[in-house]
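Worksheet for the structure shown next.
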2 protein chains.
Amino acid sequence: MANIYDLAYDLEKGLRDSQEFQTLKEAYEKVMGDPSAKQMFDNFRETQLNLQQKQMQGEDISEEEVEKARQVVELVQQNEDINKLMEEEQRLNTVISDISQIITKPLEELYGTGNNDVQ
Amino acid sequence: MANIYDLAYDLEKGLRDSQEFQTLKEAYEKVMGDPSAKQMFDNFRETQLNLQQKQMQGEDISEEEVEKARQVVELVQQNEDINKLMEEEQRLNTVISDISQIITKPLEELYGTGNNDVQ
Ligand SMILES: [Ca+2]
Ligand SMILES: [Ca+2]
């Protein structure tokens, strides 16, 4: 029986060597190497995080905040390098989410049997 | 370069075959096979989930609810099979959390460089 942690490290290495990760890394480094793109991207991320936190904590989000967020999104969408970065992040998020679904399948199967009222 | 999905399936199989998962499975099936233990466990899980959801949504939790939750915990702690199950769940959660940290390390390293104000 292979050690679970060895298998996890193999997967980590596979992810690190993957085209998906390498392309994301290049896109990220390109944005981080351009001070004005970096600032725009950081601003976008901060706005997103703030809104998410408010939403999770059930706080109200004002129309002004929604409008500000819309403007920040519009701004980053005009930057080709940031668009590329966000595309690559989306691609890697999909891979990570697929992996997560694959490895939690044994648990899902176990808890899906005879325990239908708890997810 | 190994395919990421093949590596994820290897890890899934390793997890499924592991002592940790097999022991959890036995403990879970033992509780599910005992109607009164099952009911007690389901009640405990439901109470936990309700409190977690309220907490996440920033809702108030009454003293009565806290007291009810305390009683439910006390009750399940008196059941040896449920205790065993919760221990095994904790053990597997630790493994899953370790795995998750291992495989997201490339991303953590990438985003930890030159982007210190966003986690
Ligand atoms: Ca149930
Ligand atoms: Ca930053």
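The values are calculated or read from the model by the stated rules, or taken from the named source; none is laboratory data. Since the model is a prediction, treat every value here as computed from it, not as a measurement. Every residue, glycine as well, gets a Cβ built from its backbone with ideal geometry; the counts of neighbours run over all protein chains shown.
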Only one of (1) among the acidic types (Asp, Glu); (2) away from chain B (no Cβ under 14 Å); (3) buried (at least 16 other Cβ atoms within 10 Å of the Cβ) fails for A:Glu65. Which number is that?
(3)
Quick one: how many residues across segment B:66-93 are closer than 23 Å to B:Glu26 by Cβ and either part of a loop (DSSP other than H, G, I, E, B) or not β-branched (Val, Ile, Thr) (or both)?
17
Matching residues in segment B:1-60 (under 18 Å from the mean Cα position of the chain (by Cα), of a type in the set (Phe, Trp, Tyr) and under 30 Å from A:Asp6 (Cβ atoms)) number 2
Within segment B:35-48, of all residues that are within 11 Å of ligand 1 (Cβ to nearest atom) and loosely packed, with under 14 Cβ neighbours inside 10 Å, the one nearest to the other protein chains (Cβ to nearest Cβ) is B:Glu46
Within segment A:35-50, can you find the residues that are among the basic types (Lys, Arg) and under 13 Å from A:Met86 (Cβ atoms)?
A:Arg45
Before we move on, is B:Val95 under 15 Å from the mean Cα position of the chain (by Cα) and facing chain A (nearest Cβ under 10 Å)?
yes
Total residues in segment A:21-34, condition away from chain B (no Cβ under 11 Å) and either within 13 Å of ligand 2 (Cβ to nearest atom) or over 14 Å from A:Met86 (Cβ atoms) (or both):
1
Could you say whether any residue in segment A:18-25 is out of contact with any Ser or Thr (no Cβ under 9 Å at 6 or more places or on another chain), buried (at least 16 other Cβ atoms within 10 Å of the Cβ) and assigned to a loop (DSSP other than H, G, I, E, B)?
yes
Screening A:Arg45, A:Arg16, A:Arg70 for residues that are more than 16 Å from ligand 2 (Cβ to nearest atom), farther than 30 Å from B:Lys13 by Cβ and free of Cβ contacts under 8 Å to residues at least 60 places away in the same chain leaves only A:Arg70
Can you tell me which condition B:Asp60 does not meet? The list is (1) modelled with pLDDT under 95; (2) surrounded by 17 or more Cβ atoms within 10 Å (Cβ to Cβ), and all the others hold.
(2)
Enumeration of residues in segment A:74-111 that are more than 18 Å from B:Ser97 (Cα to Cα), touching a Ser or Thr at 6+ places or on another chain (Cβ under 9 Å) and free of Cβ contacts under 8 Å to residues at least 12 places away in the same chain:
none
